[in-house]
Amino acid sequence: MSARERILAKLRKAQPELPQHLPSLDAHYAPRVRGESRQERLARFRTGIEGFHADVHISTAGNWPQVLATLCAEKNIQTLMYGAATPAAAQLEATAFGGTTLRPWAGQFEDLKADLFHRVDAGFTLARGAIAETGSLILWPSGDEPRTLSLIPPIHFVLLDAATVHPTFYDALVNENWAAGLPTNALLISGPSKTADIQQTLAYGAHGPKELIVIVINVEGGTV
Amino acid sequence: MSSPAQQSAGKPVAFVSAQALRARMHDAVNDPHLRQSFRGAMDFLMAKRAAQFPDQGELDSLRSLSESIRQYSLSKLPDLLEQLEANLTRNGVQVHWAETPEEANAIMLGIAQRHAARLIVKGKSMVSEEIEFNHAMEAAGVGALESDMGEYIVQLAGEKPSHIIMPAIHQTKQQIAKLFAEHIPGVDYTDNVDALIQIGRRVLREKFEVADIGLSGVNFAVAETGTLCLVENEGNGRMCTTVPKVHIAITGIEKVVEKLEHVAPLFSILTRSATGQAVSTYFNMISGPRRGEDKDGPEEVHLVLLDNGRSQAYADEQLRKTLQCIRCGACMNHCPVYTRIGGHAYGTTYPGPIGKIISPHMMGLEQTHLLPTASSLCGACGEVCPVKIPIPELLIRLRGEANSAPHANPAMVGQGAAYDPKISLLWKLWARLYARPATYRAFTWLATRFRALTPTQQSGWTAARTPLKPASRRLRDMVKDRR
Ligand code: SF4
């Protein structure tokens, strides 16, 4: 018998005849639904993620590339890497970026590894959505926007559409039926990387990005 | 730099047996610095957790839900493991099973050798500590480098983690500053925490870039989707699971849940209970190696499922509750014993209350029978446990298993390890006396008459207390006088 068979046999022998009832998640979540407006949800997301040291800039569908260009200039970013094939890429490329070189991701990770570690100052990605309750971004990296774009460069810019902010993680994964097909890697990101491993003292910029900057497309144009 | 892997090669950081527990606890209690740093850290963590649960009703509801999800998962454990395996395999992940630490290490060494790996970078994994992974790799000439800041510090110091969430909680920043200055070439002494973290970042980034394999633990494994979930703040977990060509994840067989939605409440209660954070910086859901259009990520992903005594706990309905654990560490943060002696004194991979109830299954009761006695049974651990494990009840159960006559329960390794025929006989006599009113009356009558004959040496009791002596009159006699 293999280890697999032996382990399973031991468990089967002791397994209760009937499984416990399937827990009802709705019974916990349904009474706690907040009848929030979109702006209130966005505000709650913003407070949450700012509490984790992320910067949030509210913009519009037309103006966000300008906001990004200004931020890149302020932060003296030499090279900004982004995914080439997204709709946002076309908007980026049509914007004057001054001293910042826009570099689309091209090729496999192995071709870009050294540059990502040593020469790319910032990565730009889209967010699939966000979570108001915890101040988290949802990212589903893909071939168009590989996972290391949001991991290796010291600064991570994220573009978020305010219409995609969910109240809770549970709402996001149930309403969008994530279980039907997850990408290789799905992520929740709540702020720049951090650690409190030395004497419980919080320090930002552990192994991932040192800064997380969120630009929000808020079509209603309301200020948050 | 010379890696800690080289420095400690051939030198296991294995723990001493629990037989020495009393001496270790004695030393720990008498170390004022240690006590002060743990007291401070635990107060801090308790306050942060409390702040995350302002609404008692929400906490109660979330704990009940989390408990029921874990119990439901365990009730279907063998089925869920098979479902997990099938879906991971479909996703391109290679699944391995190991009954013992030796088997797990051999599997992982085999993978390392197949890739001619020289360096494995590790995300935080208590299961890898449990199997002495680093030592097994180093003995075979493969470097294993911890990349979680706390684990990195502990590895540099040649120690083991003293807390399952905050491994270096026993070290002061001055000690860490000295450690870095001594071990990392070109680094001068600084006890500025930001500067220390930036040093760690620089050193470890070089390693992420060149490592052949990344190792990680698993917080939740989702059966229906074949997904491995990792909770972390530093980004080193993402580095280890994304940058090297091969990713190996290792987990205990109990970590599986059936549905993806089950991770939402468990993740929420985990971070809030553990460090008092509403959410961790990263929640990383991995469902396979690089495939299709993907441009990055590892080309191979492996999962090692480890038993190591968990199936023994599973076999007993009461002890099975041990496996509900989501390793948040709240039980140790709230434990008056842990706070006074720190994590190292226990001499086991998992310290504190969870360590006392899980270690006997991993190591047998011969080595661990004293652990369940290192508790005042105050109940704090059971009250804060996010999945409602009745830890005090399990401690009492394990005390019983350790002290019952050998062979009473052959299913439990080391059962009867603390059995003492004299003590057992005394208890039996006492039980007889107590069960019958006539014998009890006779006994108390004799005890009060012959109280002068009570021995003055009363074993453990008189080690620090004055001897016990029956009163000159029985309660029943005094009551009679009053009437
Ligand atoms: S026993 Fe409960 S409190 Fe302790 S680590 Fe496990 S889940 Fe957390």
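Of the residues making up region B:367-394, not one is buried (at least 21 other Cβ atoms within 10 Å of the Cβ), closer than 21 Å to B:Phe53 by Cβ and away from the ligand (no atom under 11 Å from the Cβ). What residue, among those in region A:6-37 that are exposed (fewer than 11 other Cβ atoms within 10 Å of the Cβ) and within 27 Å of B:Ile253 (Cα to Cα), is farthest from the other protein chains (Cβ to nearest Cβ)? The extreme case among them is A:Glu17. Taking A:Ala90, is it under 30 Å from A:Arg119 (Cβ atoms), surrounded by 15 or more Cβ atoms within 10 Å (Cβ to Cβ) and either modelled with pLDDT under 95 or of a type in the set (Gly, Ala, Ser) (or both)? Answer is no for this residue.
Considering region A:35-91, the residues that are out of contact with any strand residue (DSSP E or B) (no Cβ under 8 Å at 6 or more places or on another chain) and β-branched (Val, Ile, Thr) include one that is nearest to A:Gly143 (Cα to Cα), namely A:Thr70.
Going through region B:90-102 one residue at a time, which ones are touching a residue at least 60 places away in the same chain (Cβ under 8 Å) and either surrounded by fewer than 22 Cβ atoms within 10 Å (Cβ to Cβ) or in a helix (DSSP H, G or I) (or both)? B:Arg90, B:Asn91, B:Gly92, B:Gln94, B:Val95, B:His96, B:Glu99, B:Thr100, B:Pro101 - these are the residues of region B:90-102 that are touching a residue at least 60 places away in the same chain (Cβ under 8 Å) and either surrounded by fewer than 22 Cβ atoms within 10 Å (Cβ to Cβ) or in a helix (DSSP H, G or I) (or both). Residues in region B:257-266 that are more than 7 Å from every other protein chain (Cβ to nearest Cβ), of a type outside the set (Val, Ile, Thr) and either under 22 Å from B:Phe53 (Cβ atoms) or open to solvent by less than 10 Å² (accessible area, probe 1.4 Å) (or both): B:His262, B:Leu266. Look at (1) closer than 30 Å to B:Ile184 by Cα; (2) at pLDDT 95 or above and you find that B:Ala50 fails only one, number (1). Just one of (1) without any contact (Cβ under 8 Å) to a residue 60 or more places away in the chain; (2) in contact with a strand residue (DSSP E or B) (Cβ under 6 Å, 6 or more places away or on another chain) fails for A:Ala127. It is (1). The single condition among (1) within 23 Å of A:Gln200 (Cα to Cα); (2) more than 7 Å from the ligand (Cβ to nearest atom) that B:Ala315 does not satisfy is (1).
Does region B:329-337 contain at least one residue that is within 16 Å of the ligand (Cβ to nearest atom) and either among the charged types (D, E, K, R) or over 21 Å from B:Ala50 (Cα atoms) (or both)? Checking region B:329-337: not a single residue is within 16 Å of the ligand (Cβ to nearest atom) and either among the charged types (D, E, K, R) or over 21 Å from B:Ala50 (Cα atoms) (or both).
Here region A:98-121 is the region considered, the condition is being at pLDDT 95 or above and more than 26 Å from B:Glu206 (Cβ to Cβ), and the residue that is least open to solvent (accessible area, probe 1.4 Å) is A:Thr100. In summary, no helices (runs of 4 or more DSSP H) completely within region B:268-381 bear 3 or more residues that are among the aromatic types (Phe, Trp, Tyr) and more than 10 Å from chain A (Cβ to nearest Cβ). Only one of the numbered conditions (1) open to solvent by 10 Å² or more (accessible area, probe 1.4 Å); (2) within 30 Å of B:Glu206 (Cβ to Cβ); (3) assigned to a helix (DSSP H, G or I) is violated by B:Ala116, and that is (3).
Within region B:351-366, the set of residues being of a type outside the set (A, V, I, L, M, F, W, C), touching a helix residue (DSSP H, G or I) at 6+ places or on another chain (Cβ under 6 Å) and more than 12 Å from the ligand (Cβ to nearest atom) comprises B:Ser359, B:Pro360, B:His361.
Residues of region B:58-71 that are more than 9 Å from chain A (Cβ to nearest Cβ), open to solvent by less than 40 Å² (accessible area, probe 1.4 Å) and free of Cβ contacts under 8 Å to residues at least 40 places away in the same chain: B:Leu59 alone. Where strands (runs of 3 or more DSSP E) fall entirely within region A:129-224, those with at least 2 residues that are surrounded by 24 or more Cβ atoms within 10 Å (Cβ to Cβ) and facing chain B (nearest Cβ under 8 Å) are at A:185-189.
The values are calculated or read from the model by the stated rules, or taken from the named source; none is laboratory data. Because the structure is predicted, anything quoted here is derived from the model rather than measured. Ideal geometry is used to build each Cβ from the backbone, glycine not excepted, and the neighbour counts take in all protein chains shown. SASA here: full protein model, heavy atoms, side chains in, ligands and nucleic acids out. Shrake-Rupley method; radii C 1.70, N 1.55, O 1.52, S 1.80 Å.
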